[in-house]
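The values are calculated or read from the model by the stated rules, or taken from the named source; none is laboratory data. A quick note: this is a predicted structure, and the numbers were derived from the prediction, not measured. Positions of Cβ are generated from backbone atoms using ideal geometry, with glycine treated the same way; all protein chains shown enter the neighbour counts.
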């Protein structure tokens, strides 16, 4: 991360701290991802997301129950409880269905909207309609390059290109010479940006398309790829679930390839400890849920904006054997 972006992020984090209290209080509350959100309007209390006059709809492309997106949800709902805001979290991996969820939130006249944009073009009309209706939008996670164009007040996430560059450099520094980059969601521009970034710093990179919804087939495809090309000595997964399958696939193929991955869960943490995974790129997705609620409250109540036209970066950070023991307890709590 460049120094100027790091300063901007520290500044944004300080705003969150002042407005909402110490973030550690949210972490100590433990995971709340399985608690239901209130889908209705008004100011009725919601078990997951607090209560209050500020109503925020969070609409992501993650699948229900996904470990990564549960952490995003935990962050958004923790901020809602602390700030007295009503947070309604919904997700759908189908771009058309996600657009309809956004349209429904606009029809309910919510006070703020948080949206991840894995497929920005499919969501453009819905997001622009929200902006036209006077609803402030914060984009998160994916679609950074389209955020300002669509009218969002800021974007919260990591630069996928920069994260990919960092992953590629680390694998090159580890002495690896040929990388397999595994894309698990067709049409997700962020995943292509990760592989392209890795290629720019690593060099010899091929991509493999798998389907995250069919983990057995994904594992089989990875195994077949490393068996077909024994010169592959690095496999970069873009998801923690895919990483676990890659570890099993490589062992089954008797390959010496080393796995690295994007994103954390307890399985990845344990695999880093055991040496089965070299490192994980951590985009700190809890902040991608938490910070937008803070930013929308500040925007609605004090006309504050953050980022100065640039994204508020939550990563990339890197978790390896040097710091995994520090991070592990937070992963278990559902905040990393």
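Please verify whether the range 220-227 includes one or more residues that are over 20 Å from residue 330 (Cα atoms) and within 24 Å of the chain's Cα centre (by Cα). Break it down stepwise before answering.
So in the range 220-227, the residues over 20 Å from residue 330 (Cα atoms) come out as 220-227.
After this cut, where a residue has to be within 24 Å of the chain's Cα centre (by Cα) as well, the list is 222.
Taking every residue of the range 220-227 in turn, at least one turns out to be over 20 Å from residue 330 (Cα atoms) and within 24 Å of the chain's Cα centre (by Cα).
For the range 189-206, which positions are touching a strand residue (DSSP E or B) at 6+ places or on another chain (Cβ under 8 Å) and under 15 Å from residue 142 (Cα atoms)?
Initial filter on the range 189-206 (touching a strand residue (DSSP E or B) at 6+ places or on another chain (Cβ under 8 Å)): 191-192, 194-195, 198-199, 202, 204-206.
Of everything in the range 189-206, those that are touching a strand residue (DSSP E or B) at 6+ places or on another chain (Cβ under 8 Å) and under 15 Å from residue 142 (Cα atoms) turn out to be 191, 192, 194, 195.
Here 163, 152 are screened, and the one residue that is in contact with a strand residue (DSSP E or B) (Cβ under 6 Å, 6 or more places away or on another chain), crowded, with 22+ Cβ neighbours inside 10 Å and part of a loop (DSSP other than H, G, I, E, B) is 152. All conditions but one from (1) crowded, with 23+ Cβ neighbours inside 10 Å; (2) assigned to a helix (DSSP H, G or I) apply to residue 224; the one that does not is (1).
For residue 242, indicate whether it is part of a helix (DSSP H, G or I), in the same structural domain as residue 215 (by TED's automatic domain parsing) and buried (at least 19 other Cβ atoms within 10 Å of the Cβ).
Values: part of a helix (DSSP H, G or I): yes; in the same structural domain as residue 215 (by TED's automatic domain parsing): yes; buried (at least 19 other Cβ atoms within 10 Å of the Cβ): yes.
Against the criterion (part of a helix (DSSP H, G or I), in the same structural domain as residue 215 (by TED's automatic domain parsing) and buried (at least 19 other Cβ atoms within 10 Å of the Cβ)), residue 242 qualifies.
Test residue 278 against the criterion of being over 12 Å from the mean Cα position of the chain (by Cα), outside any loop (DSSP other than H, G, I, E, B) and either within 21 Å of residue 139 (Cα to Cα) or not assigned by TED's automatic domain parsing to the domain that holds residue 177 (or both), and give yes or no. For residue 278, the condition - over 12 Å from the mean Cα position of the chain (by Cα), outside any loop (DSSP other than H, G, I, E, B) and either within 21 Å of residue 139 (Cα to Cα) or not assigned by TED's automatic domain parsing to the domain that holds residue 177 (or both) - is not met.
Checked against the criterion of being at pLDDT 95 or above and more than 16 Å from the chain's Cα centre (by Cα), the range 311-320 has at least one qualifying residue. Among the residues in the range 97-117, are any at pLDDT below 95 and not assigned by TED's automatic domain parsing to the domain that holds residue 188? The answer is no; no qualifying residue exists.
So which residues in the range 284-307 are surrounded by fewer than 19 Cβ atoms within 10 Å (Cβ to Cβ) and not in a helix (DSSP H, G or I), if there are any at all? Passing the criteria: 303, 304, 305. With respect to the conditions (1) touching a helix residue (DSSP H, G or I) at 6+ places or on another chain (Cβ under 7 Å); (2) surrounded by fewer than 20 Cβ atoms within 10 Å (Cβ to Cβ); (3) closer than 23 Å to residue 332 by Cα, residue 92 falls short on a single one, namely (3).
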